[in-house]
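Notes follow the structure.
The values are calculated or read from the model by the stated rules, or taken from the named source; none is laboratory data. This structure is a prediction, so every number in the text was calculated from the model and none was measured. Reconstructed Cβ throughout: ideal geometry from the backbone, glycine too, with neighbour counts over all protein chains shown.
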Amino acid sequence: MDMEKIKKWVDFSNQFHQRDDWKKFFNLYPPDQFFSEKGPFPKYDIFQNETHNCLLIEVPGLNREDFHVSLQSKSKLLLKGTAKPIFPAEMEMKKERFYGEFERVIDLPEPAEPHLMQFYFHQGLLQIIYPRQNESVHLNLY
């Protein structure tokens, strides 16, 4: 989608309105975020067996000190940081990879206890493993 055409259309439509609703809207929600084909960053997968949950998060080109992981709640994981480009912007001819600050909240499949979470970081992959909470249901039939 051609962003310049959208901006021209917005400017044209603002000529007929006294308020700057569109300008406020686009300042809050940049059009690039709606029309981006790249999707959210970082991408992740969730795996589960009888005893553990495992998250595998792609953070290509990042070092461990480039991002921070924390629990927002027992069921939400926050991952935020900065993906830094290797080359200066002036050298760019084509860019598909994401660079810049990022923040992503991941809904965990089951609640987690921070002290039971294990983190492994190797070759741009962050693996987080934590035990499942297998609570057996006890029914009182009396």
Looking at this structure, is Arg104 under 23 Å from Phe67 (Cα atoms), surrounded by 10 or more Cβ atoms within 10 Å (Cβ to Cβ) and at pLDDT below 90? no
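Matching residues to (1) surrounded by fewer than 11 Cβ atoms within 10 Å (Cβ to Cβ); (2) under 18 Å from Phe41 (Cβ atoms); (3) not acidic (Asp, Glu):
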| residue | (1), (2), (3) |
| --- | --- |
| Arg97 | no, yes, yes |
| Glu110 | no, no, no |
| His122 | yes, no, yes |
| Leu126 | no, yes, yes |
| Ile129 | no, no, yes |
Determine if the stretch 81-91 includes at least one residue that is at pLDDT 90 or above, within 21 Å of Glu50 (Cα to Cα) and surrounded by 10 or more Cβ atoms within 10 Å (Cβ to Cβ). no
